[in-house]
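To start, the structure itself, in structure tokens.
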Amino acid sequence: MLDIRFIEDNIELVKDITLRKGYDVNVDHLIEMVRSRRKYIFNLDNLRSERNRKSKEVSRLKRAGEDAGRIIEDVRRIGSDIKALEEKVGELENNIAEIAFKIPNIPHFSVPEGNDEDENLEIRRWGKPPEFDFKYRPHWEIGEMLGILDFKRASKIAGSMFAVYTGLGARLERALLNFFLDMNVKRGYKEIFCPYLVNRDSITGTGQLPHLEDDMYHLDNPDYFLIPTAEVSVTSLHKDETFSEEDLPIYHASYSACFRKEAGAHGRETRGLMRMHQFNKVELVKFTTQETSYDELEGLVSDAEALLQALELPYRVTKLCIGELSFAAAMCYDLEVWIPSEGRYREVSSCSNFEEFQARRLRIRYKPKGGRQSKFVHTLNGSGLALSRTLLAILENFQQEDGSVILPKALVPYMDGLKKIG
RNA sequence: GGAGAGGUGGCCGAGUGGACGAAGGCGGUCGCCUGCUAAGCGACUGAGGUGUUAUAAAGCACCUCCGUGGGUUCAAAUCCCACCCUCUCCGCCA
């Protein structure tokens, strides 16, 4: 959520960004309501002040044993005026919040113009895509040949866009999970394990609601959502808290299963591990001061890159253009790993700075050193990393002609010394 | 799921209708004292909003907030109702 004052001062900018990101929001109506709310509150406070004064008078008279009947009559009248105004203000506040929650974050000034993927800015590449002198296979073929992935049975027990990992496949998934968590902890992150079911407030706080409701699995009674990423639980961990500046930055790393309906994607990429209704991910979350958040973003990207480098997977880093930026992000780098079967790079980590956007919704603040006024923290997060896509990339990039797969050295200790599958 | 107890400021904790944004303590900040530290003494120490000067900071005035939402009352932390959460016991379960 943006600061209402900021919106008032930058009406045209807010309208422009909202429109370009494809959200339908009536900013003028919002401003109108904000202004009338202010007027009502002014009147309301005056009435309350009068009531407080007269109430004290009543109490004084009563203690003195004098008659307070006239004043009581007065206060009764004021009371009903107050109630009417309170209703009006309450209604306005609901309407204001409803609109304000639908306004996306404002991109950082350095974010490139552009509307789609092609206009993202490539920052750097690392590693070289493998060159095969044999007919290489997509990961689902490799996985089925090796007997480590089972999509048929997955669809039997659940449906399409699910996977079953068996034997060394399951072992490899677990190896990756442990490797990621260990690495991240070594780099200063605190390991967190959180609920997969969260309440509406949490998921509104990180910005998935209101507009992504259709993409999330929802339980009716009670009103719970299955998290689409650990970002939701881990960021909301500190809801309603005020840190002192010395506590910051805070680094958290959390594994979770992630659940997505992929409602907009049906029919696309239903094969393999690329897009699933349930997948595993380790998420990195940072809480920082306002001054340091962009340096921290660079650090976050490096931390995620270190994982890909340790796995020897070729990747590139891109900076997302305005149109590609998610609802809550002010700036975002994607890490994309090379996928031989597609002949292109695909996202395995999305590292974003949300600035105050989430913190404002979740009321996460800090007291600056020496300062009185508390400020909103900046929140950041990025995958470190998405497990299934990483596993897929390992199968495809390190496949051999005979169908076997050589494991990256970093994983060997996690595979009980096993260097190769198949 | 049943029975009971409880939710108050950064923390502990008092407060059962009017002088309570809230005693007392701890913690914190500043000052005094002190060779240094400790102890001691004194002052200050919640958040949000509206207005004001100029929608800078600071200030000043007022308002709101005692788990959340309703209600009773001239007046609610205090009384009533619903919900949420925590603790204890029982049941159930991994």
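The values are calculated or read from the model by the stated rules, or taken from the named source; none is laboratory data. Everything numeric in this text was worked out from a predicted model, so none of it was measured. Note that we place each Cβ from the backbone using ideal geometry, even for glycine, and neighbour counts take in every protein chain shown. Side chains included, ligands, DNA and RNA excluded: accessible areas come from the protein's heavy atoms. Shrake-Rupley method; radii C 1.70, N 1.55, O 1.52, S 1.80 Å.
For the stretch A:298-422, the alpha-carbon coordinates run over 66, 35, 20 Å along the three principal axes, in decreasing order. Note on residue A:97 and residue A:145: the extension gain reaches 11.9 nm, defined as 0.36 nm multiplied by sequence separation minus the Cα-Cα distance. Where is the GNM fluctuation largest for chain A (alpha-carbon springs, 10 angstrom cutoff): A:321, A:194, A:258? Of A:321, A:194, A:258, the Gaussian network model singles out A:194 as fluctuating most.
Taken one residue at a time, the phi angles of the stretch A:112-125 give Karplus couplings (6.51, -1.76, 1.60, θ = phi - 60°) of x, 4, x, 10, 9, 2, 4, 9, 5, 9, 7, 9, 6, 10 Hz. Gly and Pro are set to x. Once backbone amide H atoms are built at 1.01 Å from N, residue A:192 has A:253, A:254, A:255 as its partners under 5 Å, excluding neighbours fewer than 5 places away on the same chain. With angles folded into 0 to 90 degrees, how steeply does helix A:11-20 sit against the dominant principal axis of chain A? Use alpha carbons for both and round to 10. With both axes taken from Cα atoms, the answer is about 30 degrees. Pairs of Lys residues in the stretch A:4-100, spaced 8 or more positions apart or belonging to different chains, with C-alpha separations under 20 angstrom: 5 in total. What residue among A:193, A:10, A:392 has its Cα farthest toward the positive end of the dipole of chain A, where the charges are +1 on Lys, Arg and -1 on Asp, Glu, each on the Cβ? The one lying farthest along the dipole's positive direction is A:193. Its Cα gyration tensor gives chain A an equivalent ellipsoid. The semi-axes, each the square root of 5 times an eigenvalue, are 52, 21, 21 Å from largest down.
Measuring with a 1.4 angstrom probe and ignoring ligands and nucleic acids, residue A:56 comes out at about 150 Å² accessible. Applied to the stretch A:301-307, the Karplus parametrisation 6.51 cos²θ - 1.76 cosθ + 1.60 on θ = phi - 60° returns per-residue 3J(HN,Hα) values of 4, 4, 4, 5, 4, 4, 5 Hz, with x for Gly and Pro.
The Rg/Rh ratio for the stretch A:222-318 is 1.03, where Rg is the radius of gyration of the alpha carbons and Rh is the Kirkwood radius. Computed about its Cα centre, the charge dipole of chain A is approximately 1300 debye, with only Lys, Arg, Asp and Glu carrying charge at their Cβ. Which number do you get for Rg(Cα) / (2.2 N^0.38 Å) in the stretch A:1-124? Ratio of Rg to 2.2 N^0.38 Å for the stretch A:1-124: 1.74. Measuring from label point to label point, each 7 Å out along Cα→Cβ, what is the residue A:326 to residue A:211 span in nm? My value for the distance between the label points is 1.3 nm. For the stretch A:319-361, the residues whose amide N sits under 14 Å from a probe point set 7 Å from the Cα of residue A:201 along the beta carbon direction are A:361.
Taking label points 7 Å from Cα along the Cα-to-Cβ direction, residue A:178 and residue A:63 give a separation of 7.2 nm.
Computed from point charges on the beta carbon alone (+1 for Lys and Arg, -1 for Asp and Glu), the dipole magnitude for the stretch A:39-102 about its Cα centre is near 300 Debye. By how many degrees, between 0 and 90 and to the nearest 10, does the Cα long axis of helix A:168-186 differ from the longest principal axis of chain A? The angle comes out at about 50 degrees. Taken about its Cα centre, the stretch A:297-422 carries a charge dipole of about 1020 debye when Lys and Arg each add +1 at the Cβ and Asp and Glu each add -1 at the Cβ.
Along the charge dipole of chain A, pointing to its positive end and built from +1/-1 on Cβ of Lys, Arg, Asp and Glu, which listed residue (A:140, A:61, A:227) has its Cα farthest out? The residue sitting farthest along the positive end of the dipole is A:61. Cut-off under 27 Å on the C-alpha distance; same-chain residues fewer than 8 positions from residue A:156 excluded. Which lysines are left, in chain and number order? The reachable lysines, counting only those whose Cα sits under 27 Å from residue A:156, are A:261, A:281.
Coupling constants for the stretch A:192-197 follow from the phi torsions by the Karplus curve (6.51 cos²θ - 1.76 cosθ + 1.60, θ = phi - 60°), and in residue order they are 10, 10, 10, x, 8, 9 Hz; glycine and proline get x. Protection proxy ranking of A:322-332, A:37-47, A:154-164, A:276-286, by the mean of other Cβ atoms within 10 Å over each peptide's residues and highest first, is A:276-286, A:322-332, A:154-164, A:37-47. If you take all other residues with their beta carbon under 9 Å from the beta carbon of residue A:229, and give Lys and Arg +1 and Asp and Glu -1, the sum is 0. Using the average count of surrounding beta-carbon atoms within 10 Å as a protection proxy, the listed peptides A:336-346, A:172-182, A:119-129 rank, highest first, as A:172-182, A:336-346, A:119-129.
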